[in-house]
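I have placed the structure first, in the form of C-alpha cells, so that the comments after it can refer back to it.
The values are calculated or read from the model by the stated rules, or taken from the named source; none is laboratory data. All figures in this text were calculated on a predicted structure; none of them were measured in a lab. Neighbour counts run over all protein chains shown; Cβ positions are idealised from the backbone, glycine included.
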Amino acid sequence: MDLFEEARRIINQGEICDSCLGQIFADRGHGLTNRERGNAWRTIFAMENGEMVDREMDCWVCLGEAYRFDEWAELAIEEAEEIEFETYKIGTRMSPLLEENSKLLREVVGIPMDSGEFLKTEMNREVGKIIGDKTGKNFAAENPDVTILLDVSSRAVEIQVNPILIYGRYKKLIRGIPQTRWPCRRCKGSGRNAEGVCERCKGSGKQYEESVQELIDVSINEILEGNSSAFHGAGREDIDAKMLGTGRPFVVEIKNPKKRSADLQILENRINKMAVGKIEVELEGIVNRKMVSHIKELSASKTYTVGVKFEEVVEEEILRDALGILEGVEVEQETPTRVVHRRADKTRVRKVYSAKGKSMGGTGAELEIHGEKGLYIKELVSGDGGRTKPNLAELVKVGAMVETLDVISVVAEEGSFDVPEYIIRKK
Ligand SMILES: [Zn+2]
Ligand SMILES: [Zn+2]
C-alpha cells in the first residue's frame, strides 16, 4: 500500500483527529509533530477534492485525549508544586479503551499493529516538552529526581519521587546500639500484641531504642522532608562494639524527599549535634545506586582493639609468643556458636594480618588485631569450644574471652570505597 492510499484509508474510517492520523506516520518527516503530519495529509486531500478542511473532530480513536497535552502538563505541574526537583521523566498509563481503539484503527486499515507510534509515546514526549518549557526543568531518561505518571483512565497525575542517596562514614562512639533499626522480637515490630501494648518494647516496635540508622535518618528526614529510609553499610560491627578511627562507609537512602538541594554540610552538622556523644558522621556526597552495591560488595579488612580477660594471669612473654604465632596465620573458623542459629554452619578460612598486644596487669590484656573480612575476633580469642583453630586461649593454655571490642579501621582490601564516578554531587 502506498502512503497516499494508507492515509486515504485512515481518513475514511470515520472521524479521526490530525494527531491520531499523524501517529501512523510518526517515522516519516523529522521535526514534525504528529498533529502537523495529520494536518498535512488533510490539507492535501482537501485541496485534491476542493473541500473545506474540517478540523473539529470528535475523534473515536483518542476521544480527544491528543488535544489535552496542555491540561496534563498543568495538572502535573500543580501536583509537583510542593516537590523540589531538577530532572524528571514522564510515564503514561494508557486507558485500555484508547489502547484498544488505536489497535482497531490499524486493523481496519489493514496495516501492521506496530505502525507509527502510539498515543502513550506521544504523550510522554509532548507533555514532557510542555512541562520543560513551563518550568525550566530538564527531562532525564536515567535517574530522574521524579517520575511523573499520567493515568489516563483516572485522569490523575501521580508524582513518584525517587530516593536520594547520601554517602558518608560513621563512627559509633558508644556500645550497645545496632547499625540498623531492629524490629522487636516479641511483637515483630507492631508494638502491640493480643493483650495490648507489647511489654518488651513498650509499644515502640523496636528491639533497641536507637540505632546508627535512626540517629542519622531522623535529622535528614527533618530537613529533606523524606518519609523513611534504608541503610546500607559496608559491613557492620557487633552491637556491643564501638566503631572508631576513620569510621565505616555507608549509604543512607532517603525515600520520598520533598527537598533535594539541602547543603550536606548543614545536614552533617545537624546529625552530629543531635547525636552528640553517640555517633559522628562525615558526609561525602550524593551518589547514584551503583555506590550501594559497590560498598556492600567491596572486601574490607578491619583492625580492632580488643580487651581480653584471661581466667588466670598470663605471662607477658607467653602472650607475646602466642600473638607472634597468630600473626600471618590462616585461621579455620566454624560458624560461631552465638550466630549458628541464624547462619549456615560452615568452616571458613580467614587471615590474621597482624596481632599485637600487651598485658594490662593481672588477668587483662589489650590487643590490636588486623584481620581479613569476616574474621570472627571473639572466637579467635576464646576458641569457641575448639570451633576456631588456632586460637589465643589454646596458645596461652588459659581460658580467654573478649570483654570489649572496637573497630578502629575499615579498609578496602583492593581499590577504594570512594568512586568519583558514582558521586553526583560532592559535599
Ligand atoms: Zn485522535
Ligand atoms: Zn514489641
Original post:
Only one residue in PRO163, PRO144, PRO183 is farther than 20 Å from GLY247 by Cβ and at pLDDT 95 or above. Which one?
Top reply: PRO163
**OP:** Within the stretch 41-64, work out how many residues are in a helix (DSSP H, G or I) and surrounded by 17 or more Cβ atoms within 10 Å (Cβ to Cβ).
**Re:** 2
Original post:
Of the residues that make up the stretch 309-331, is at least one within 30 Å of the chain's Cα centre (by Cα) and more than 20 Å from VAL398 (Cβ to Cβ)?
Top reply: no
Subject >> Extreme residue, farthest from ligand 1 (Cβ to nearest atom), among residues of the stretch 17-36 that are surrounded by 22 or more Cβ atoms within 10 Å (Cβ to Cβ) and not small (Gly, Ala, Ser) >> reply: ILE24
**OP:** Identify all residues within the stretch 233-288 that are under 11 Å from TYR167 (Cβ atoms), of a type in the set (A, V, I, L, M, F, W, C) and assigned to a loop (DSSP other than H, G, I, E, B); write none if there are none.
**Re:** ALA234
Subject >> Elements of type strands (runs of 3 or more DSSP E) in the stretch 87-185, at least 1 residues being of a type in the set (S, T, N, Q) >> reply: 87-93, 146-151, 156-161
Original post:
Condition test on ARG350, is it at pLDDT 95 or above and either in contact with a helix residue (DSSP H, G or I) (Cβ under 9 Å, 6 or more places away or on another chain) or in the same structural domain as ASP145 (by TED's automatic domain parsing) (or both)?
Top reply: yes
Original post:
What number of residues within the stretch 1-21 are more than 41 Å from the chain's Cα centre (by Cα) and either assigned to a helix (DSSP H, G or I) or over 15 Å from GLU107 (Cβ atoms) (or both)?
Top reply: 14
